[in-house]
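A.B. asks: Structure below; questions to follow.
The values are calculated or read from the model by the stated rules, or taken from the named source; none is laboratory data. If you're wondering where the values come from, they're calculated on a predicted model, not measured in any experiment. Positions of Cβ are generated from backbone atoms using ideal geometry, with glycine treated the same way; all protein chains shown enter the neighbour counts. Just so you know, the surface numbers come from the protein's heavy atoms only, side chains and all, with ligands and any DNA or RNA stripped out. Shrake-Rupley method; radii C 1.70, N 1.55, O 1.52, S 1.80 Å.
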Amino acid sequence: MITAGLVDAVRYGINRLRVSGGAAAAITGHRDHHSTDCPGARYGRVISGELNPGGGPLPYPGVSFRQPPATVHASVATWQYRMNSAHGFSLTVDGQYGPGSDAACRSLRSLRGLSVDGFVGPATWGATFA
């Protein structure tokens, strides 16, 4: 049985590969390229777009960021990438939540009517990926 949490984890992993690993935008099954039945009965979930991160907002990863000190985590890079692509910031996507990321967070929180505290938790993550 595939749980909603597992689907979210796959979507999150695909997004991370796109952000830092150069993965392509399309999601396909092995059977689309080779003579195989892979991924079996789950193929409908692949072609439906359910596993595609572009199909909806990414779930909060459970990691909060603030500084100082600078938080270093893969989820920071995901957040930085989204701040650039969806909100027009020019952050260095390096996975380090330092002063520039903090300033961008405060700006976004102000625009969204949230307290301006530089904290990337569930509310900021939701505003970032809305």
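A.B. asks: Counting only residues that are open to solvent by 60 Å² or more (accessible area, probe 1.4 Å) and in a helix (DSSP H, G or I), which one in the stretch 104-127 is nearest to Val63 (Cα to Cα)?
C.D. replies: Checked the stretch 104-127; the qualifying residue nearest to Val63 (Cα to Cα) is Pro122.
A.B. asks: List every residue pair whose Cβ atoms lie under 7 Å apart, where the two residues are 6 or more positions apart in sequence or sit on different chains, the first residue falls within the stretch 83-96 and is closer than 18 Å to Gly126 by Cα, and the second residue, located anywhere, is of a type in the set (Phe, Trp, Tyr).
C.D. replies: Within 7 Å, the pairs are Met83/Phe89.
A.B. asks: Just to be sure I understand, how many residues within the stretch 81-103 are small (Gly, Ala, Ser) and either touching a Gly at 6+ places or on another chain (Cβ under 6 Å) or open to solvent by less than 20 Å² (accessible area, probe 1.4 Å) (or both)?
C.D. replies: Count: 3.
A.B. asks: Name the pairs: first residue in the stretch 102-113 and farther than 14 Å from Arg82 by Cβ, second residue of a type in the set (S, T, N, Q) and not in a helix (DSSP H, G or I), Cβ to Cβ under 9 Å, at least 6 apart or on different chains?
C.D. replies: Within 9 Å, the pairs are Asp102/Gln67; Arg109/Ser115.
A.B. asks: Just name the residue that is most open to solvent (accessible area, probe 1.4 Å) out of those in the stretch 43-72 that are modelled with pLDDT of 75 or more, under 18 Å from Ala123 (Cβ atoms) and in a loop (DSSP other than H, G, I, E, B).
C.D. replies: Arg66
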